[in-house]
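Reading through the C-alpha cells given below for one structure.
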Amino acid sequence: MNRRYYTAIILSLIIAPVVATSHTGSLLLPEGCGSCHVGHGLSNEPMLPIAEEDFCYRCHGPSEQRSQMVSEGLLAPGADLKDIKAEFDKPYRHPVVEGFGHSATEKLPALNGASANHAECVDCHNPHQKIQPGLRQTADVPGFSANGQYRDEAVHEYEICFKCHVDPAGGRSSRKDISRQFSASVRSSHPVTRPTGGKRPVSLKSSLIAGATMRCSDCHCSDDEDAPAGPHGSVYQYLLSGNYNTDVRATESPLAYEFCYSCHNRESILDNESFPLHREHIEGDVLRNIQGTSCYTCHASHSSDRYPFLIKFNPEAVSASEKYNLIDFRSLGDRTGQCYLTCHNYSHDPAEY
Ligand code: HEC
Ligand code: HEC
Ligand code: HEC
Ligand code: HEC
Ligand code: HEC
Ligand code: HEC
Ligand code: HEC
C-alpha cells in the first residue's frame, strides 16, 4: 500500500470526526481536485473523465467501482461510501440517466414536453460543497422558496424540489404543481413548509414536537431503511418509503397502507380513535357487501385546499349527493362532522358522525 494513502487514512480516522471536510478538502480524496478532475477530460465537461451520474458512481456506486478508484489512487481505502446506483436502478426513481446536464440558464421543468424530463445529481448536490458532520448534504444548491422566490442557496430541502416540481407555465395551477400544494393558502397540509400546529393527531407514532417540520424526503425515499438517505429511488410507486394502495376498492392489511402506518398507528386508526367511522370505511362491511376503501378516497397526501384533516375526496370514488347535489365536508368540532356526497351507491345527505 502506498504510504500516502496510509497517511491519509490515519489522518482521516483521527481528524475527520472533528475537522470540517468537503469533497474538495477531503482526506479521503488523496489527489484532491485531481481525484475528480483529470487531464483534458470530456468535451463540454469541466475536465471530468466521464459524464454525469456515471462520474459520481465511480465513488458512490458499486463496490467494485470503488475498489478500482482506490487502486488508481483516487480514493483512500478507508472511505466508507454507500452504493447510490442501486437506488437509481429501482423502478421508481429520479430520472438521472435520461437527458444531459442542466445549464445555468435552462429552466428545469418537471413536466415540460419540450425537453426530456430529467434530474441530475448536481441539481440537488453541489460537488464542491462543504461536507461537515450535521450539515445537510444538499447545501449550496439553488432553489425556490415556498412563495416562488429564487434563492442562490436553498435553505430548506423542499426549496430544491420546487426548482422542478412547479407548474411549468408559471401559473401554479397544474395538479402536479407540488409547490402550490404546500403554499400558505391551503387549509391543511403535512407540515413541510409550515411547522406542526396545535393539536397533535392522536394516531401519530413519533412525538413530533410542536414547531417541527418534516421533509419531502421523510416520505419520498428508499424502501430500504439501511439505504442512503434521499429521494433517489424506491421499489414503491411515487418513490415512497413504503407501499400505498390508492385503489377505491381495497382490502385492508398492514402492507396495503404500510406507508401511512409507518407514522400513523394502525391500531389507533382502526380503533376509530379519531374518525369514528374509520374502520367501517377502511375494512368495509362484509354483511352489507361493501368493500373497504383506501385512505386516498378521503385524504390527500400533501394538502387539502378547502378542508381540515387533509380531507380531499378522490373524484374516482365519489359523486354529488342526491338531495343537495353537493360534494362537501364540514367539520363540526372534535370527532364530529358532516359529509355531502354519494359513494358506494349511498347518498350522504349529509351523513353525520
Ligand atoms: C467530488 C468530485 C470533485 C472534486 C473533488 C472537485 N470537483 Fe470541481 N467539479 C466537479 C463536478 C461534478 C463539476 C461539474 C458541476 C456541474 O456540472 O454543475 C465540477 C466543476 C468544476 C468547475 C467548473 C465550474 C463549476 O463550478 O461548475 C471548476 C472550475 C472546478 N470544478 C474546480 C475544482 C477545483 C479547483 C477543485 C479542488 C479544489 C475541484 N473542482 C474539486 C467535481 C469535483
Ligand atoms: C473520487 C471519488 C468521489 C467522486 C467521483 C464523488 N464523490 Fe461524493 N464523496 C466522496 C467522498 C470520499 C465523500 C466523503 C467525504 C468526507 O467525509 O470527507 C463524499 C461525500 C459525498 C456526499 C456527502 C454524503 C456522505 O456520504 O458523506 C455527497 C452528497 C456526495 N459525495 C455526492 C457526490 C456527487 C453528486 C458526485 C458526482 C457529481 C460525487 N459525490 C462524486 C468521493 C467522491
Ligand atoms: C407525508 C408524506 C409526504 C410528504 C411529506 C410529501 N409527499 Fe409527495 N407524495 C406522497 C404520496 C403518498 C404521494 C402519492 C399519492 C398522491 O399523489 O397523493 C405523493 C406524490 C408526489 C408526487 C407525484 C404527484 C403526481 O401527481 O404524480 C410528487 C412529484 C411529490 N409527491 C413530490 C413531493 C415534494 C416535492 C414534497 C415536498 C415539498 C413532497 N412530495 C412531500 C407523500 C408525501
Ligand atoms: C432530486 C434530488 C436529488 C438527486 C437527483 C440526487 N440526490 Fe442525493 N440526496 C438528495 C437528498 C435530499 C439527500 C438527503 C440529504 C440529507 O439527508 O441531508 C441525498 C443524499 C445523498 C447522499 C448521502 C446519503 C447518506 O445516507 O449518507 C449521497 C452520497 C448522494 N445523495 C449522492 C447522490 C448521487 C451520486 C446522485 C446522482 C446519481 C444523487 N445523489 C442524486 C437529493 C438528491
Ligand atoms: C432537476 C429537477 C428536479 C428536482 C430538483 C427534483 N425533482 Fe423530483 N422529479 C423530477 C422529474 C423529471 C421526475 C420524473 C417524473 C416527471 O417527469 O414528472 C421526478 C419525479 C419525482 C417523484 C416521483 C413522482 C411519481 O409520479 O412517481 C417524486 C416523489 C419526486 N420527484 C420528489 C422530489 C423531491 C422530494 C425533490 C426534492 C428533494 C425533487 N423531487 C427534486 C425532477 C426533479
Ligand atoms: C413520515 C411520517 C408520516 C407519514 C408517512 C404520513 N404522515 Fe400523516 N402526519 C404526519 C405528521 C407529523 C402529522 C402532524 C401534522 C401536524 O401536527 O401539523 C400528520 C398529520 C396527518 C393528518 C392530520 C392533518 C391535520 O391537519 O389534522 C392526516 C389526516 C394524515 N396525517 C394522514 C396521512 C395519510 C393518509 C398518510 C398516508 C398516505 C400519512 N398521513 C402518512 C406524519 C406522517
Ligand atoms: C371515509 C373517509 C376516510 C377514510 C377512508 C380514511 N379516513 Fe382518515 N379521517 C377521515 C375523517 C372524516 C377524519 C377527521 C375526523 C375528525 O373529525 O376528527 C379523519 C382523520 C384522520 C387522521 C387525523 C387524526 C388521527 O387519527 O390522527 C388521520 C391521521 C387519518 N385520518 C388517517 C387515515 C388513514 C391512514 C387512512 C387509511 C388507512 C384513513 N385515514 C382513511 C376520513 C377518512
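The values are calculated or read from the model by the stated rules, or taken from the named source; none is laboratory data. Predicted model only: the values in this text are computed from it and were never measured. Cβ atoms come from the backbone with ideal geometry, glycine included; neighbour counts cover every protein chain shown.
Checked across segment 106-122, the condition of being within 14 Å of ligand 1 (Cβ to nearest atom), touching a Cys at 6+ places or on another chain (Cβ under 8 Å) and modelled with pLDDT under 85 holds for at least one residue.
Of the residues making up segment 262-294, those that are touching a helix residue (DSSP H, G or I) at 6+ places or on another chain (Cβ under 8 Å) and either free of Cβ contacts under 8 Å to residues at least 40 places away in the same chain or in a strand (DSSP E or B) (or both) are Leu270, Asp271, Asn272, His278, Arg279, His281, Ile282, Glu283. Only one residue in Leu326, Leu310, Leu287 is within 10 Å of ligand 7 (Cβ to nearest atom) and aliphatic (A, V, I, L, M), so which one is that? That would be Leu310, the only listed residue that is within 10 Å of ligand 7 (Cβ to nearest atom) and aliphatic (A, V, I, L, M).
Can you find, within segment 241-260, the residue that is farthest from Asp285 (Cα to Cα) among those that are within 9 Å of ligand 6 (Cβ to nearest atom) and not in a loop (DSSP other than H, G, I, E, B)? Result: Phe259.
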